[in-house]
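No lab work stands behind these numbers, since they all come straight from the coordinates. Because the structure is predicted, anything quoted here is derived from the model rather than measured. When we count neighbours, we look across all protein chains shown, and the Cβ atoms used for this are built from the backbone with ideal geometry, even at glycine.
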Amino acid sequence: MAGGLDGKQQALALFGGDDEWSPCDWTASDDRVRGGQSQSYLDCSDKKFGRFHGNLDIKTLGGAGFASQRTTAEDQSWDLSEYVGIKLNIEKADKKRYTLILKDELLPANPENGREQASISYEADFELSLGKSHDRFVFVPWKSLNPTYRGKLKKDAKPLKTQNIKRISIMMRSFFGTQEGEFSLSIRSITAEAKAPEHGNTLPVEVGDRKLEDGAPQPLDKSDTGNALHFSHYEVSVTNMMEYH
C-alpha cells in the first residue's frame, strides 16, 4: 500500500503497479452481516493483480444482496486532493456491474452490537460490457461519485473530502435482483490520476441521479461533461441504480 506524496505525481499508485498486491490490505464486507449468504474474496496469489471474486446470493435476502472487499488500514488516510479521480487498471473482467466506493469518514463501532456505524459513501457503478477483456482501465472522476447514506441518495451531502480518503471498496451487488451468482474482476492497479484521460481515447458516460424506488436510471444531463466516467479501449455502460448495503 502506497503512503503519502513526495511532490505532485501524475499518478499515485494506491494498490498494485510497482508494488505487489497483498491480501492483508483488504477484508471482506458481505451481506452475511445481515443474514445473507454472499461471499467475496481478494485473491493476491499472482502478486501482479488482485482478483475480486466470489458468489452473490440474492435468494436468502429476497432479491437483495452484496459482496465487497474494503481496505483494512483504518488508521491511515490518503491525501488525494491534488488528483482528479481514480483509475482502475483492469486485467480481466466479466460482464457484471461493479461499484467503486470511497469514504472520507469512519465512525467507531456501535457499543450495543459492535458493528461499525454508518457514514456517507461516495459511489460510482461501472459495467464492462464486452466481457472478458484484458489490459483496460476505468477512470472515475470525483464529480461522478454519488453520495449515499444507508443505501439512499443523499443530495445534501458535502463534497467528498479528497484530502482525507479513509477507505476504498469494490462491491458486487444485486441491483434489485438483476444479477447474481459467480463474479470475477481482476485489477492490475488502483491509482489516483492528476489528469483525466484524453477524450479521444475514451468513451465518456455521464452519471445522473440514482432512482432508488424501482432501479430505473434517471435521464442523463448530456450538457454536464464534468460528471463523465471515462473508459479506455472498450465500450462500458454505467447505470444509476442503487440498493441498500
**Prompt:** Per the Kirkwood treatment, what hydrodynamic radius in Å, one decimal, follows for segment 11-200 from the mean inverse distance over all distinct Cα pairs?
**Reply:** 17.1
**Complete:** Taking a crude spin-label model, label points 7 Å out from Cα along the C-beta direction, the residue 105 to residue 195 distance in nm is 3.5
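By how many nm would the segment from residue 164 to residue 48 lengthen if fully extended, with 0.36 nm per residue of separation less the alpha-carbon distance?
That pair, residue 164 and residue 48, stretches by 39.1 nm at full extension.
I need the peptides 183-194, 37-48 ranked by packing, meaning the mean over residues of other C-beta atoms within 10 angstrom, with the highest value on top. Could you put the intermediate results ahead of the total?
Values: 183-194: 20.9, 37-48: 16.9.
Final packing ranking: 183-194, 37-48.
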**Message:** Can you give me the distance in nm between label points at residue 118 and residue 28, each placed 7 Å from the Cα along the Cα-to-Cβ direction?
**Reply:** 2.4
